[in-house]
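The values are calculated or read from the model by the stated rules, or taken from the named source; none is laboratory data. Everything numeric in this text was worked out from a predicted model, so none of it was measured. Positions of Cβ are backbone-derived with ideal geometry, glycine not excepted, and every protein chain shown enters the neighbour counts. Ligands, DNA and RNA are excluded from the accessible area calculation, which covers all protein heavy atoms including side chains. Shrake-Rupley method; radii C 1.70, N 1.55, O 1.52, S 1.80 Å.
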Amino acid sequence: MDANCVISLAPADYNRYAKIIVIGDIHGCHTVLKEALGEINPDWLYIFVGDYLDRGVENREVLEFLVLNYNRENFIFLEGNHESALRSYAEDEKYNGTVFTYKTVPQISSVPKKDIRQFCRRLRQCAYFTYGDNTFLVCHGGIPTVPPAGLLTVSTSAMIEGVGSYEDYLPVAAAWHERQPENFIQIFGHRNTLKSETRLFPNVFCLEGKVELGGELRTVEISGDGIRTCEYSNKVFDPILAADVPDLIKRLRQNKYIVEKNFGCISSFNFSDKAFERGIWNEQTITARGLFIDVSNGNIVARGYRKFFNIGEREETRLETLEKTMKFPVQLYIKENGFLGMMSMYNGELFITSKSNPTSTFAGYARDLVEKCCTRLEYLKDYLAKNNVTLLFECIDIENDPHLIRYPQNRLVLLDIIDNELEFRHHSYEELKELGEKAGIEVKKDAGTIGCFSDFSNWYKSQMAESLDPGISHLEGYVIEDASGFMVKIKLPFYSKWKYMRSVAGLVYNNTPPRRTLSKHAQRFYSWLTRKVEEGLPRKSIIDLRDLYFTETGDRFDD
């Protein structure tokens, strides 16, 4: 490890510098960084809190600045959580994160990896020093106190990612303020979900200003005249990434691949059938998937998942790509076979809807399932009244909406808790399970954890070799979430086969000849069903047709 990375037992004395500038999260914003730094003064010390790249539009320029200056004696670069992918990229190892892979890497590919490696080796966990009568601790994540045994006992992950959940920066700052003397000052970046001011407490500062979204690059200046905070507004950013709700509404309405439906002052936005058929996926179409907005005031009423894809469906979900980008461990969840229901609280009333229409038949089915399956509905209403979130459910209605997998009874399965904000954020599985237990609702099933890509690849191949025998139990598939929050899914062969057969059954019922040559399995099923319909068989669900076909023919599609 580089000597600069070692956390000393005693704070360094930096009183030889005329001024110390602490610079917040940069996130690929070079123009505003130049404005904040001005002309570099050799008599000043510059401390950077980390998160240098990603999300912004000037990643190459920022990285060139870093590799040009990492050897300066008066520059200290701390490590943020976003540097993990940069380090792995430079070492030709697996790196993770969709933004880094598809936005940052194309911008920085011209920067020599040997220079990036040298920069990464200079990164420190923290800066611990005295200046005047004050002691300072600067780190990326923010910690609540210094243990009695000293900073050497604080973990690297705590320094870089902070203590507690991402939302807990204020309790962490309050704990520091309560436990440390006023002249022991902590400065951190990383998290600021409530858009707090730079100075959280007299001895705690937060330098995360959403600079990449058109916010501010924050700095703290320390000198003999005291401590001063500065904010520099960033004017070079991605307008789509930074859009507020009214701006998003405008952009969604201008997008020909997005459909808006009106329900009074509430509009639902969903990608169109044409977007789905043509694979028109961008930030707007991926976001517009069960997005309900009160267009009169810009409030998000309810929102679903961002669109995510099957393994192999897109370049970023190919196994070859996932080997480089997937962050382990990954979590597996069983994907149930129903339709999506959504629930939130709006204007004091439960808002229950399907993906696109709160007045639809399917929204009615969802409301009925909530009434029948949620044993403590009042608790759920109280939870929603106190939390601005959407609850997502898999709605399994075997009478009104049978799909492809047979279930013995109706079910309502709680899938996720999602914040009603533009930036997609869902709550932890532990919180989901707790809510399900207290509200009396079934929760999605944890199907296990996989720790490395080779195990994941072997698991995937075993699942895709699933038997097609309709006489045994089957699942629709799995949802997979990696350690960075990236989501992908798989549909198992049995489900995919009978989804195809359902379309074949539609041809028969509609008396429509196939436009393409059917597979040999489909041809056998098509001939059988054509004969049965001619004999007077009434229209049946694909589940009932499958059972009848299997009983009459014994065909397991094992050839």
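Please indicate, with yes or no, whether at least one residue in the stretch 540-548 is outside any helix (DSSP H, G or I) and either touching a helix residue (DSSP H, G or I) at 6+ places or on another chain (Cβ under 9 Å) or open to solvent by less than 70 Å² (accessible area, probe 1.4 Å) (or both).
Yes, because at least one residue in the stretch 540-548 is outside any helix (DSSP H, G or I) and either touching a helix residue (DSSP H, G or I) at 6+ places or on another chain (Cβ under 9 Å) or open to solvent by less than 70 Å² (accessible area, probe 1.4 Å) (or both).
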* In the stretch 184-198, is there at least one residue being over 20 Å from ARG218 (Cβ atoms) and either open to solvent by 60 Å² or more (accessible area, probe 1.4 Å) or in contact (Cβ under 8 Å) with a residue 12 or more places away in the chain (or both)? -> yes
* Is at least one residue of the stretch 55-75 closer than 18 Å to HIS190 by Cβ, modelled with pLDDT under 95, in contact with a helix residue (DSSP H, G or I) (Cβ under 9 Å, 6 or more places away or on another chain) and crowded, with 22+ Cβ neighbours inside 10 Å? -> yes
* To do: List every residue pair whose Cβ atoms sit under 7 Å apart, with the two residues 6 or more apart in sequence or on different chains, where the first one lies in the stretch 460-476 and is free of Cβ contacts under 8 Å to residues at least 60 places away in the same chain and the second, anywhere, is open to solvent by less than 40 Å² (accessible area, probe 1.4 Å).
  => GLN463/ILE490; GLN463/LEU492; MET464/PRO493; GLU466/LEU492; GLU466/PRO493; GLU466/PHE494
* Structure fact -> Checked the stretch 312-343 for anything among the aliphatic types (A, V, I, L, M) and open to solvent by 20 Å² or more (accessible area, probe 1.4 Å); matches are LEU319, ILE334, LEU340
* Those residues of the stretch 263-283 which are in contact (Cβ under 8 Å) with a residue 24 or more places away in the chain, more than 19 Å from THR317 (Cα to Cα) and either open to solvent by 40 Å² or more (accessible area, probe 1.4 Å) or out of contact with any Asp or Glu (no Cβ under 8 Å at 6 or more places or on another chain) (or both), in sequence order -> PHE263, CYS265, ASN270, PHE271
* To do: Would you kindly identify the helices (runs of 4 or more DSSP H) lying entirely within the stretch 24-110 that contain at least 2 residues that are closer than 27 Å to THR130 by Cα?
  => 30-37, 59-69
* Is one or more of the residues making up the stretch 25-41 open to solvent by less than 20 Å² (accessible area, probe 1.4 Å) and without any contact (Cβ under 8 Å) to a residue 60 or more places away in the chain? -> yes
* Structure fact -> Flagged in the stretch 313-343 as farther than 15 Å from MET487 by Cβ, outside any strand (DSSP E or B) and without any contact (Cβ under 8 Å) to a residue 60 or more places away in the chain, in numbering order, are GLU315, ARG318, GLU320
